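Quick notes on the structure that follows.
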Ligand code: NI
């Protein structure tokens, strides 16, 4: 888990300055009416952080838990990420992930073997949930790094 924590810290350290340098207009640009802007993608990553935070903490206190999935479009819509303040989203995403890196680094080995059932997915160990968290993060960080076409 130490390596995953280090990888997560590295993602925040390398991404945060790029997000801060991105103009609000680029962050708010929707490539199509039914596609997410960069604000909405970063908001989705905050939702991923908050849902996984619950899994990382609760699985240490009580094993073998069942967690709800989260309906990503609804979460983004309810929280109005499309019109959220870009700086606030960056602050929240960066701080949340710095904290999650601490939580991950300090996970007791016994907890990482606990089984998590999430939504309709097959049961997986907490260690696999933690690893998937960073894989999912990388998928969306690649989207955030893509340039917005000039309009
Ligand atoms: Ni996603």
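Coordinate-derived values only; no laboratory data. What you see is a predicted model, and the numbers here were worked out from it, not measured in a lab. Ideal geometry is used to build each Cβ from the backbone, glycine not excepted, and the neighbour counts take in all protein chains shown.
Before moving on, here are some points about what is shown:
- Note on the chain: GNM, Cα springs under 10 Å; of 121, 81, 133, the largest mean-square fluctuation is that of 121.
- When you restrict to C-alpha pairs under 8 Å that are six or more residues apart and normalise by the size of region 39-151, the relative contact order lands at 38 percent.
- Each pair of Cα atoms in the chain enters the Kirkwood radius, and Stokes-Einstein at 25 °C and 0.890 mPa s then converts it into a translational diffusion coefficient of 152 µm²/s.
- From the Kirkwood radius over Cα pairs of region 79-137, Stokes-Einstein at 20 °C and 1.002 mPa s returns a whole-number translational diffusion coefficient of 159 µm²/s.
- Taking packing as the residue-averaged number of other Cβ atoms within 10 angstrom, the listed peptides 43-49, 70-76 run from highest to lowest as 43-49, 70-76.
- Linear extension gain, residue 13 paired with residue 25, 0.36 nm per residue minus alpha-carbon span: 2.0 nm
- Acute angle (nearest 10 degrees) that the helix 126-145 long axis makes with the longest principal axis of the chain, alpha-carbon atoms: 10 degrees
- Simple spin-label estimate for residue 35 and residue 128 in nanometres, 7 Å along Cα-Cβ: 3.3 nm
- In this rough spin-label picture, where each label sits 7 Å from Cα along the Cβ direction, the residue 71-residue 53 distance is 2.3 nm.
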